[in-house]
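Remarks on the structure that follows.
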Amino acid sequence: MTRFHGHMEVALAEARAAGARGEVPVGAALADAGGRLIAQAGNRMRELSDPTAHAEMLVIRAACAAAGSLRLPGARLYVTLEPCAMCAAAIAAARIARLYNGAADPKSGGVAHGGRVFGHPPAPHVPDIYYGIADREARALLETFFRDLRGGGGQGGEDR
């Protein structure tokens, strides 16, 4: 049986690249309604000294700039880790149609955990959400990164 991954492989590649840069390995890829890839990024918070430079935020910004619009109707977002509340709010504001989520994030997630942004009545938009896409691969990247960080005496302190 073939598992659906869509552009999750691109998001995983971005997560690997983020980890190689010393960022928490989270990646995202954004496709238009037709499935054409229009933006991809990995976390860049340390590099940019910007706590909002999550992979999801970066792809949403890039796609909106390319479209010349603050809305991305029909867009599909692939992200390796459950979005935090900030990113979930941006997903709603951009009117992204579908969210394909890799690993769950019980500690800092904002979709199925924590703030559950899309579960509140005033949510301006709720995308179709698909959980567990390439979950094993996404979790393995995070587990390896944090294990190496703890064992290697890295900088630490970042939740995401």
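The values are calculated or read from the model by the stated rules, or taken from the named source; none is laboratory data. Keep in mind the model is a prediction, meaning the values are calculated, not measured. Counting neighbours? That spans all protein chains shown, and the Cβs are built from the backbone with ideal geometry, glycine included. Accessible surface areas use protein heavy atoms only, side chains included; no ligands, DNA or RNA. Shrake-Rupley method; radii C 1.70, N 1.55, O 1.52, S 1.80 Å.
Worth pointing out:
- Restricting segment 103-147 to trypsin sites (Lys or Arg not before Pro) in coil, as DSSP defines it, with at most 15 other Cβ within 10 Å: 107, 116
- Long-range HN-HN contacts of residue 39 with modeled amide H, under 5 Å: 30
- Note on segment 125-140 and segment 15-70: Cα centroid distance 16 Å, given to the nearest whole angstrom.
- Counted charge near residue 125, where neighbours are those whose Cβ lies closer than 12 Å (Asp, Glu -1; Lys, Arg +1): +2
- All Cα pairs of the chain, percent lying beyond 30 Å: 10
- Under the simplified labelling scheme, the residue 50-residue 136 pair shows an inter-label distance of 3.6 nm, with each label point 7 Å from Cα along Cα→Cβ.
- Each residue of segment 61-68 was assigned a 3J(HN,Hα) from its phi angle through the Karplus expression (A = 6.51, B = -1.76, C = 1.60, θ = phi - 60°), giving 4, 5, 5, 5, 4, 5, 7, x Hz with x at Gly and Pro.
- Surface share of carbon and sulfur [accessible, 1.4 angstrom probe, percent] for the chain: 55
- Per-residue ³J(HN,Hα) for segment 100-112, Karplus 6.51 cos²θ - 1.76 cosθ + 1.60, θ = phi - 60°, Hz, x for Gly and Pro: 9, 10, x, 6, 6, 10, x, 7, 10, x, x, 10, 9
- Rounded to 5, percent antiparallel among DSSP beta bridges of segment 1-143: 55
- Estimated from helical segments only, the mean residue ellipticity of the chain at 222 nm is -11000 deg cm²/dmol, where each DSSP H run of four or more residues counts as -39500 (n - 2.57).
- With all protein chains kept in place, the per residue accessible area of the chain amounts to 48 square angstrom at a probe of 1.4 angstrom.
- The chain: relative contact order as a whole-number percent, Cα under 8 Å and 6+ apart: 19
- Simple rule: put +1 on each Lys or Arg Cβ and -1 on each Asp or Glu Cβ in segment 45-135, find the dipole, and look at 80, 127, 55; the Cα lying farthest toward the positive end is 127.
- Extension gain (nm, one decimal) between residue 147 and residue 113, 0.36 nm per residue minus Cα-Cα: 9.9 nm
- Neighbour cut-off at most 16 other Cβ (10 Å), DSSP loop, chymotrypsin sites (Phe, Trp or Tyr not before Pro), segment 101-138: 131
- Sparse-neighbourhood loop sites, trypsin sites (Lys or Arg not before Pro) in segment 1-91 - DSSP loop, at most 11 other Cβ within 10 angstrom: 3, 36
- 3J(HN,Hα) from dihedral phi, segment 28-33, Karplus parametrisation 6.51/-1.76/1.60, rounded to Hz, x for glycine, proline: 9, 9, 10, 10, 7, 4
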